[in-house]
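First comes the structure, then the notes that go with it.
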């Protein structure tokens, strides 16, 4: 049997830096010789969850689909980096229960910073009432109570964030 | 980079023997040391496609979700055995395009035999009008025109079927 992989789950607001951190960390792990896969919430939605909306229930279903795919990959030794807002604790905890080596990283960039960045222009739309279900504006984000790590990208560079993640993975015995 | 894996796609009527063949072949490949994963249409539906029905469109969406997950696994070297009715040629061909090493196995057990077996009691229900969308009864099954292999489980034992599949994989250079 292959060594079991790891599911590194990055949760946080839209614009917090989840995808950037996931991609950069994947690059670093690949450089170290680990098999990696990034499952980005938006990209996966396209393939696995067309037709699902953004209600609490639909968001949770989407999160559990990602968790299912992550599990399949991780049990073949893949280091799976998930970047998904995953705003509800219940679904994140279920994702954790489904996966043996689960590392939750709260990308804890403050909402004000994410709103200011507004990389995709979504906060502006949400505030103008054009998106009725938007985390941090019209929907809650349930802050992780005991994640394995918190990274605030308004206080560190991408490479510092990656270093913090890699160091935590090391500490947990996963590298 | 890992050796790319293979997607072995078993298509055929309900009751044709797809899951049995997939599981037995997976066992044999695992014995030979290959990493394997079985994606069974019904099981995957539960995790990835709750809410989807059995119209042509929904069936095709389900098939493409399986193909997407198979692709992720195969690119990490996994031998993925898919057992799914996948009745429409268009979706099977799309699954093939998505995957580099794709082996289509038509589990070509005749409909009469599947109806007679009726392992899950579904043909009886479909004939009684309790299932309005059922492949072979009220919906077509588009026979694969050039699959890599055909196996008719009414004419061979499970172990003969597995042997035929393994031999074909060998011939294609995948083992």
Qualifying residue in region B:2-12 (condition: touching a strand residue (DSSP E or B) at 6+ places or on another chain (Cβ under 7 Å) and in a helix (DSSP H, G or I)): no
Count of residues meeting criterion [within 16 Å of the chain's Cα centre (by Cα) and either free of Cβ contacts under 8 Å to residues at least 12 places away in the same chain or away from chain B (no Cβ under 13 Å) (or both)] in region A:47-63: 1
Check on residue B:16, within 23 Å of residue B:140 (Cβ to Cβ), in contact with a strand residue (DSSP E or B) (Cβ under 9 Å, 6 or more places away or on another chain), in a helix (DSSP H, G or I) and touching a residue at least 60 places away in the same chain (Cβ under 8 Å): no
Hits in region B:26-45 - residues which are within 12 Å of chain A (Cβ to nearest Cβ) and over 16 Å from the mean Cα position of the chain (by Cα): B:30, B:33, B:34, B:35
Odd one out for residue B:5 among (1) over 15 Å from the mean Cα position of the chain (by Cα); (2) surrounded by fewer than 24 Cβ atoms within 10 Å (Cβ to Cβ); (3) at pLDDT 95 or above: (2)
Region A:64-94 - residue that is over 20 Å from residue A:26 (Cα atoms) and not in a loop (DSSP other than H, G, I, E, B) and, of those, nearest to the other protein chains (Cβ to nearest Cβ): A:65
Any hit, region B:70-88, residues being over 16 Å from the mean Cα position of the chain (by Cα) and without any contact (Cβ under 8 Å) to a residue 40 or more places away in the chain: yes
Among (1) assigned to a helix (DSSP H, G or I); (2) touching a strand residue (DSSP E or B) at 6+ places or on another chain (Cβ under 8 Å); (3) within 24 Å of residue A:67 (Cα to Cα) - the single one residue B:30 does not satisfy: (3)
Helices (runs of 4 or more DSSP H) wholly inside region B:97-175 that include at least 2 residues being closer than 17 Å to residue B:9 by Cβ: B:158-171
Residue A:21 farther than 24 Å from residue B:66 by Cα, more than 10 Å from chain B (Cβ to nearest Cβ) and either in contact with a helix residue (DSSP H, G or I) (Cβ under 6 Å, 6 or more places away or on another chain) or not in a loop (DSSP other than H, G, I, E, B) (or both): yes
Checking residue A:49 against (1) in contact with a helix residue (DSSP H, G or I) (Cβ under 7 Å, 6 or more places away or on another chain); (2) at pLDDT below 95; (3) within 30 Å of residue B:27 (Cβ to Cβ), the condition it does not meet: (3)
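The values are calculated or read from the model by the stated rules, or taken from the named source; none is laboratory data. All of these numbers come straight from a predicted model, not from anything done at the bench. Because the Cβ atoms are built from the backbone with ideal geometry, glycine has one as well, and the counts that use them run over all protein chains shown.
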